[in-house]
2 protein chains.
Amino acid sequence: MVSMEYNEKQLAIMDTAERLFGENGFSGTSVRDIAQEAGVNVAMISYYFGSKEKLMEMLFEQKSNKLTLMVENLIQDENVNYLQKVYVLIDDYVDRFVSQQAFHKIMIREQVTESGTGLANQILALKKRNLASIKKLIVGGQKTGEFKKNIDIVMMMATLVGTMSQMITSQCYYREVSNIENMDDEEFDKLIRKKLSTHLKHLFKVVLTNEA
Amino acid sequence: MVSMEYNEKQLAIMDTAERLFGENGFSGTSVRDIAQEAGVNVAMISYYFGSKEKLMEMLFEQKSNKLTLMVENLIQDENVNYLQKVYVLIDDYVDRFVSQQAFHKIMIREQVTESGTGLANQILALKKRNLASIKKLIVGGQKTGEFKKNIDIVMMMATLVGTMSQMITSQCYYREVSNIENMDDEEFDKLIRKKLSTHLKHLFKVVLTNEA
DNA sequence: TAAAATTAAACAAACGTTTGATTAAAATAA
DNA sequence: TTATTTTAATCAAACGTTTGTTTAATTTTA
């Protein structure tokens, strides 16, 4: 598919759709909601995107195209060891998750729905791409002897993505058990970014290497 | 609230609702779908539960009441050390997640939706209960010197729940990357149960204790 | 017979989508 | 240049369905 270029109105629709789908889910968001908040006529959604479902798919494609991990350049850098490369990757991942929360909420929710929609295949493709990226890094570290053998990469990915998803989706829970209900959103984002980074790096270090 | 006792027809509605909500979400499931698959008249749902939303809440309450962790008896058992207690808890958790997938898919999905519905508060309460259970165990292990200090229990919970959620929601992805697309469901359940158990125990061991 | 359970039918509201008219800019013909 | 045709964008209104819920009549149970 050719890399579409969208006009202003189309982008307004997609931005609003991303936010509302993230907040209320696909079925929970009506095209009239989207049109109203984006300041366009309802008909424009069908006019530009064909249908609500296709809007979702195009939105997903546009977003996921921007999410290709930058692991290719990273893997060739000779100046840092493989653990540090993994650290950079984790920070990259965490950054993306926290700064693109609406998009990832869509992913989390639609992932649960098994059905063979077009979106399900798009999500599958994205996850396979990310798995391949991490795999390269870890196998590289194993070849230099820096990492242990017998590492279950798929399970580590589940932990990486799962932990981040859990933090994104249970923010008010986290605020409550940490007694930080009144912290402003910006500071809170910084906090869970830091928490996730530290925690995941620690996990990966002890699992990948032999040191505690 | 008094522990309701439901008649056969009510239970049929709740069972069907649990399955369909798990598969297609709350907004994605109509009361007519539920009524048809449960073999009852549509009006019976309003008659017995008041509304679709209240059906969801009652369903959630019934399920979550059965999900209280059995940590109380566990913590007093003098014959096993604290790491083994944590292992038992993990297996208990994994068992529940895998055998009650529909219910947990509902939780995962509704957790994403922030709004202050009655359900959101129910989920919050359940998570706080579970956190308290784990906390007891870990603090107990720290007092005996078996576990390290400075353990971020909330983050470990996020990893525990997040990893399981991730595996539950991306089963077809996991089948594909592991080349086990044709494995029957029962065997597959056993496999991810084992994978989760091993992986999570390993993670908790290296984080809680000093051994690798 | 009185109460509870069950039904088909009806309800208004919301849903995604299509329509036909209107506008204004761009392209073509004179 | 003018005049004419074509094109794309925009809109209010209407389309047919589906939504959750209620009603009123009927059957079953106690």
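The values are calculated or read from the model by the stated rules, or taken from the named source; none is laboratory data. Keep in mind the model is a prediction, meaning the values are calculated, not measured. Here the Cβ positions follow ideal geometry from the backbone for every residue, glycine too, while neighbour counts run over all protein chains shown.
Values for this structure:
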item: First in region A:115-129 and not assigned by TED's automatic domain parsing to the domain that holds residue A:51, second anywhere and in a loop (DSSP other than H, G, I, E, B) and of a type in the set (S, T, N, Q), Cβ under 9 Å, 6 or more apart; result: A:119/A:113; A:120/A:113; A:123/B:170; A:124/B:170; A:127/B:170; A:129/A:68
item: Looking only at region A:54-99, and only at residues there that are aromatic (Phe, Trp, Tyr) and farther than 22 Å from residue A:17 by Cα, the one that is farthest from DNA strand C (Cβ to nearest atom); result: A:82
item: Unmet requirement for residue A:43, which otherwise passes all of (1) within 17 Å of residue A:9 (Cα to Cα); (2) at pLDDT below 95; (3) of a type outside the set (Lys, Arg); result: (2)
item: Test: residue in region A:58-79 that is within 14 Å of chain B (Cβ to nearest Cβ) and within 16 Å of DNA strand D (Cβ to nearest atom); result: no
item: Per-region count, region B:1-29, residues free of Cβ contacts under 8 Å to residues at least 24 places away in the same chain, within 21 Å of residue B:108 (Cβ to Cβ) and within 11 Å of DNA strand D (Cβ to nearest atom); result: 5
item: Residue in region B:81-93 that is within 14 Å of another protein chain (Cβ to nearest Cβ) and more than 16 Å from DNA strand D (Cβ to nearest atom) present; result: yes
item: Filter result (hydrophobic (A, V, I, L, M, F, W, C), touching a residue at least 24 places away in the same chain (Cβ under 8 Å) and either in a loop (DSSP other than H, G, I, E, B) or under 11 Å from residue B:103 (Cα atoms) (or both)) within region B:64-76; result: B:67, B:69
item: Every pair of residues 6+ apart whose Cβ atoms lie under 7 Å, when the first sits in region B:36-63 and is in a loop (DSSP other than H, G, I, E, B) while the second is of a type outside the set (Ser, Thr, Tyr) and surrounded by 17 or more Cβ atoms within 10 Å (Cβ to Cβ); result: B:39/B:12; B:40/B:12; B:40/B:13; B:41/B:35; B:42/B:31; B:42/B:35
item: Residue count, region A:38-53 (criterion: more than 14 Å from residue A:20 (Cβ to Cβ), away from every other protein chain (no Cβ under 14 Å) and more than 9 Å from DNA strand D (Cβ to nearest atom)); result: 3
item: Neighbours by Cβ (under 6 Å, 6+ apart or cross-chain): first from region B:197-212, assigned by TED's automatic domain parsing to the domain that holds residue B:89; second surrounded by fewer than 16 Cβ atoms within 10 Å (Cβ to Cβ) and of a type in the set (Asp, Glu); result: B:197/B:91
item: Selected residue [surrounded by fewer than 21 Cβ atoms within 10 Å (Cβ to Cβ) and not in a helix (DSSP H, G or I)] from B:88, B:80; result: B:80
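This table checks each residue for (1) at pLDDT 95 or above; (2) buried (at least 21 other Cβ atoms within 10 Å of the Cβ); (3) at positive phi.
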| site | (1), (2), (3) |
| --- | --- |
| A:144 | no, no, no |
| A:170 | no, yes, no |
| A:187 | yes, no, no |
| A:195 | yes, no, no |
| A:209 | no, no, no |
